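The next block holds one structure in the form of structure tokens; read it before the comments.
The values are calculated or read from the model by the stated rules, or taken from the named source; none is laboratory data. The shown structure was predicted, so the numbers you read here are calculated from the model rather than taken from an experiment. FYI the Cβ positions are ideal-geometry reconstructions off the backbone, even for glycines, and counts take in every protein chain you see.
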Amino acid sequence: MPSLKTLRTRINSVKSTQKITSAMKMVAAAKLRRAQAQAEASRPYAKRMGEMMAALAAGAADNPSAPALLVGNGRSNTHLLVAITADRGLAGAFNANIGKAVRTQALALEAEGKTVKIFALGRKGNDYFKREMAGKIIGTKNFVGKKTVEFADAEAIANQLVTLFREQKFDVCTLVFNRFHSVMLQRVTETPLIPAAAPAANDDQPAVDYEIEPDDGTLLDRLLPRNLAVQIYAALLENAAGFYASQMTAMDSATRNAGEMIKKLSLNYNRARQANITKELIEIISGAEAV
């Protein structure tokens, strides 16, 4: 059995860890409220923008002059997976789930004879893909030191993707991120970026025929890159909310586990202390009887 000094040291160490995890839980909870509000505020605009792009893509599917950013370049040989993770850890399996999902999807595409490339957003994802899929990374971006992600960051990423697409570095682009559903649930989501996703079937809602002014080419040249930025920005906000929710849950679990460990160590300490006292009493009584 460990000595009393060793047990005291371990108890104090676990108590210090418990204070840290409890403080991190409160900080994550405070940041979650703001991140959740931002994610929920972005959803209607991003959803409507995506639906409009899907409708335009469906209407222009047979048009040979349709923009490639909208309907694709006619090929699907090279797939780019834009993986969004967090810049920090201590959030359970939050970052690992994205890494596993991207790796699984990459293996499935390669089994079909496709070429897979990775654009990693977030330091944790960058570290993971450098370790597991180093030769596939064609771009990285992290947000270390920023209190919150801004739309300008998403625009810069969207411009990079547009440049890579026009340089024919990939044919199909898919966004992979954790969508925030609740404090206990963040679901890995895959969203097509290039070409635009097919419109969801809805028999109750008639097809929309858009009238574009001044002309479709001028408008789409500005609208398509902006749609990429909007979808990426919404995904970054969803990912941020999911990260703080996952971190809060992980730190709450760690705090409770530390409390259970303190109870067990305290019980062992009391038992060891009682055993030492009993031993000393026996030695005193035995010595007295010997005299």
Inside the range 21-55, can you point out the residues that are surrounded by 14 or more Cβ atoms within 10 Å (Cβ to Cβ) and of a type in the set (Asp, Glu)? 51
Can you tell me which residues in the range 77-131 are of a type outside the set (Gly, Ala, Ser), part of a loop (DSSP other than H, G, I, E, B) and under 18 Å from the mean Cα position of the chain (by Cα)? 85, 87, 88, 90
Only one residue in 2, 67 is within 21 Å of residue 265 (Cβ to Cβ) and modelled with pLDDT under 90, so which one is that? 2
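Here is a check on your reading of the model: is residue 121 surrounded by 18 or more Cβ atoms within 10 Å (Cβ to Cβ), touching a Pro at 6+ places or on another chain (Cβ under 9 Å) and more than 19 Å from residue 36 (Cβ to Cβ)? Break it down stepwise before answering.
Details: surrounded by 18 or more Cβ atoms within 10 Å (Cβ to Cβ): yes; touching a Pro at 6+ places or on another chain (Cβ under 9 Å): no; more than 19 Å from residue 36 (Cβ to Cβ): yes.
No: the conditions fail for residue 121.
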What's the number of the condition residue 44 fails, among (1) more than 22 Å from residue 230 (Cβ to Cβ); (2) assigned to a helix (DSSP H, G or I)? (1)
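Conditions tested, residue by residue: (1) in a strand (DSSP E or B); (2) in the same structural domain as residue 119 (by TED's automatic domain parsing); (3) surrounded by 14 or more Cβ atoms within 10 Å (Cβ to Cβ); (4) within 18 Å of the chain's Cα centre (by Cα).
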| residue | (1), (2), (3), (4) |
| --- | --- |
| 146 | no, yes, no, yes |
| 154 | no, yes, yes, yes |
| 158 | no, yes, yes, no |
| 161 | no, yes, yes, no |
| 168 | no, yes, no, no |
| 175 | yes, yes, yes, yes |
| 178 | yes, yes, yes, yes |
Pairs only if they're at least six apart or on different chains, beta carbon under 6 angstrom, first in the range 2-26 and not assigned by TED's automatic domain parsing to the domain that holds residue 243, second in a helix (DSSP H, G or I) and acidic (Asp, Glu); list them, first residue then second. 25/252
